[in-house]
Each structure stands twice: as structure tokens, then as C-alpha cells.
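Laboratory data are not the source of any read-out in this text; all were calculated from the coordinates shown. Nothing here was measured: the structure is a model prediction, and the numbers come from that model. Neighbour counts run over all protein chains shown; Cβ positions are idealised from the backbone, glycine included.
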């Protein structure tokens, strides 16, 4: 069965500090991997995706993520957080073939303090 | 270019009623997927439609149905509403049927009283 685990429900960081959001997944085959961000009352915006190739992927807004197959992880990082990064972050996995259905984690809420 | 649009933005219904939610994909995108996001949870996949045919269905009861029109817009219908159907309903569009990046709309907030 497919599952995505985001172990941190809520993280608080100071502006300018580094950030790492954890994501572990369980999937029958090699999935595609994604990080989305959701601001209050908004839809989801794609930050970055991993399909294949280089396991360190760069995304928008200065985010990056590293795929570690041996650990079934896809952690999101940012070297210096800005106040505008405060939002809900979702990790998701999807199949490489077949229906276009994504499985999402429960999300990590990021609070940024000045 | 317009992104994915959804209507209405907000909706309040009572238990037992029926609701129709609408989605227009990005121009040129032929696939639409629907997701339910309950407060405090991640989105859950409901349906995918491509070229007017259902290509995937999540673990939702038959009260949930959808269809896609020749212009690739889509409707999600929910019958016999329950309190637990209160959620943000998200629509996502994709260029093709198989995996491509999904672009999400702002969602429709449904409240069932």
C-alpha cells in the first residue's frame, strides 16, 4: 500500500535560519516525488519534482530536495528561510504510469518568527 | 494564461442535499483530477478524467461522481451530502493522461451543515 509520512506536524524556525522538512514514503514501484506548498485558503503550488536522474533537485523559491532511495526519503531543504515561506508543505508521490493520482502526506506547517 | 479555475469558491449545503462543483483546466490540458482535502489533512485523490473517460478512481463512495466535457472542463457531483463531506475540493489539470506535472486550482470550500 502506498503511504507518505511527514513526521513533523509543525515546525517553527527563525527568519534566516535553515530548514529541513522530512518526508518518507512507501510505494510498490519507483514513484515520482513532489513537494507542494499551500498558503492559507489557497490551492497547491508545486515547489519541485523528482522523476529521474540527479537525486538533488532544485525548485522554486530557493528550495531543494534530495531523493535517497535506500531510505525511501525525499527531504525538502532551504538554506535561509524568509517570512513569506510560512505555509503548509506537502510531500506527494505518484505513479510513473497509469492513472495520474498523487498520494499526499498530512503536511508540515511552517511558522517563521522574526 | 489563465490557470485552473474552479467554481464556486465557497458553498454551504445541508445534509442530504446534492452539490455540483466545476473546474476548467488550463488551456490545452486534456486531463482533470479531483482531490478532497479535509481540514488538517493532505489532499486525497477522488477521480481522474482524460478525454472524457474515467482513468482512475480513489476510495470514495458511489455518492461521488464526475464527468468531463468535450472542452475538457469537468464537474464533480456529490449526492446525499454528509457532514464528513465538508472539505476543500481541489481540481488539478495535466497535459496528458499519464504522469505529467499537475497544476492545481484554488479549490471550492464546501461546508455541510
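Just a few scattered comments:
- Fewest neighbouring Cβ atoms within 10 Å first, the residues B:101, A:88 line up as B:101, A:88.
- Efficiency of FRET from Cβ geometry, residue A:83 and residue B:53, R₀ 41 Å, rounded to 0.05: 0.35
- For region B:23-113, fraction of C-alpha pairs farther apart than 15 Å, in %: 56 percent
- Per-residue average of Cβ from other chains inside 10 Å of B:36-43: 5
- Each Cα pair under 8 Å and six or more residues apart adds its sequence gap; the mean of these over the residue count of chain B is a relative contact order of 37 percent.
- Highest-MSF residue in chain A out of A:13, A:37, A:93 [GNM, Cα springs under 10 Å]: A:13
- Cα gyration tensor, the protein assembly as shown - rounded (a/c under 1.5), prolate or oblate: prolate
- The residue B:95 and residue A:58 beta-carbon pair, evaluated with R₀ = 30 Å, returns a calculated FRET efficiency of approximately 0.85.
- Residue by residue along B:12-20, Cβ atoms of other protein chains within 10 Å of the local Cβ number 0 on average.
- Relative contact order of chain A, pairs being alpha-carbon contacts under 8 Å that are 6 or more residues apart, as %: 37 percent
- Computed from the C-beta positions of residue B:7 and residue A:70, the FRET efficiency with R₀ = 45 Å rounds to 0.50.
- Residue mean of other protein chain beta carbons inside 10 Å, A:16-26: 0
- Chain A shape via C-alpha gyration tensor axes, a/c threshold 1.5: prolate
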